[in-house]
Amino acid sequence: MSSGYGEFPGTRPRRLRATPALRRMVAEHRVHPADLVLPAFVREGAAEPVPLASMPGVVQHTRDSLRKAAVEALEAGVSGIMLFGVPETKDAVGSAGTDPEGILQVAIRDVRAEVGEALVIMSDLCLDESTDHGHCGVLDGHGRVDNDATLARYAEMALVQAEAGARVLGPSGMMDGQIGHVRRALDEAGHQEVSLLAYTAKYTSAFYGPFRDAVESGLTGDRTTYQQDPANAREALRELALDLAEGADMVMVKPGLPYLDVLRRVADEVAVPVAAYQVSGEYAMIEAAAGQGWIERERAIDESLLAFKRAGADVVLTYWAVEAARRAARG
Ligand code: PBG
């Protein structure tokens, strides 16, 4: 490095920032539409899309509007859609999640009929959308989430989702052994080609608040006995080792922005693709601040997505996927 000439700096990083064309050329990271996955909610029995107050711009889809949203995502160049079903009837064991006619399975078939495999069809493999108590699993006689009884339910869910035509399943309930258990069930049923996106580091987070509105979750307690403690980063590496050993095809960190350190550690560690989930509360924060005129909406969105890429994500799940993909395609 040059020491400079008298009082002048000899090295000037600003030179490479001088014009938009130059900055574009030397950018280390960029967001490509194919990096993005759109999470989408579909509500059983909805006659019209239902707007979500805590997520301005996001709706609970009808079957019809979901099909249109899938086409829109495909046209914008988004690579995948992650489906969440909101059943009309919930019960203690989440029966809707294993019913071949449950709303999530119906939605998978609808999207598959509409766009085929041009979009990667992904589905949430968890019970919280279907249970009346709102937990991600079934409860034992003491009201505790029963890990191993839940695994059996996940295995059944995996089969109906695979049979409906999902290409990637996302077990998000943080039960011990869920990846291995679901993998085995899929393989035994001949679904070797269905992939698993492991929610490897899923933290118990206040940033899921608006999502619980979106799926009409009846949760009254919390998820601290199965989701990870926000105080722990090293623990994520333990979960990572287990998920990989159990057969995860991709791994994910969630939430996103508050956990970029975990994302970086995971990305440095693995050879499988790494995803990040920009969750509902992150969406709500930016929309709310922008709605007040306190931050520039589009810049804040694009900057947040770039941060995931910089931290090592290959894939980003974001409710802004379509809008961000359109901008990325221009950029
Ligand atoms: C569980 C699940 C949740 C989210 C995705 N999958 C909620 C939770 O674990 O409490 C949250 C996603 C978001 O907040 O956008 N099925």
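Every number here is computed from the coordinates shown, using simple stated rules; none is lab data. Remember, predicted model here, so these are calculated numbers, not experimental data. Cβ atoms come from the backbone with ideal geometry, glycine included; neighbour counts cover every protein chain shown.
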- Item | Exposed-site-free run, longest, the chain (rule: trypsin sites (Lys or Arg not before Pro); DSSP loop; at most 15 other C-beta within 10 Å) | 145-331
- Item | GluC sites (Glu not before Pro) within the range 106-171: DSSP coil, no more than 15 neighbouring Cβ in 10 Å | Glu117
- Message: Cross-link candidates for Lys202: which lysines have Cα within less than 29 Å, leaving aside residues fewer than 8 places away along the same chain?
- Response: Lys90, Lys254, Lys309
- Per-residue [θ]222 nm for the chain (sum of -39500 (n - 2.57) over DSSP H runs n ≥ 4, rounded to 500): -12000 deg cm²/dmol
- Give me the distance in nm between label points sitting 7 Å out from Cα along the Cα-to-Cβ direction at Glu163 and Arg326, one decimal. 3.9 nm
- Query: Picking from Leu219, Ala70, Cys136, whose Cα lies most toward the positive end of the charge dipole for the chain (charges on Cβ: Lys, Arg +1; Asp, Glu -1)?
  - Reply: Ala70
- Query: Quick one: of the DSSP bridges fully inside the range 30-330, what percent are antiparallel, nearest 5?
  - Reply: 10 percent
- Excluding same-chain residues fewer than 8 positions from Lys68, which aspartates and glutamates have a Cα within less than 14 Å of its Cα? Glu48, Asp110, Glu114
- Query: About the Cα centre of the chain, what is the dipole size in debye to 20, counting +1 per Lys and Arg Cβ and -1 per Asp and Glu Cβ, all else neutral?
  - Reply: 1800 debye
- Query: Cα-based Rg of the chain per 2.2 N^0.38 Å, rounded to two decimals?
  - Reply: 1.04
- For the range 173-249, what is the largest minus smallest coordinate of the Cα atoms on each principal axis, given in angstrom and ordered from greatest to least? 38, 31, 16
- Query: Relative to a virtual label point 7 Å from the Cα of Thr19 in the Cα→beta-carbon direction, which members of the range 289-331 show backbone nitrogen distances below 16 Å?
  - Reply: none
- Message: If each residue of separation counts as 0.36 nm, what is the full-extension length gain between Glu72 and Ala233 once their alpha-carbon separation is subtracted?
- Response: 54.3 nm
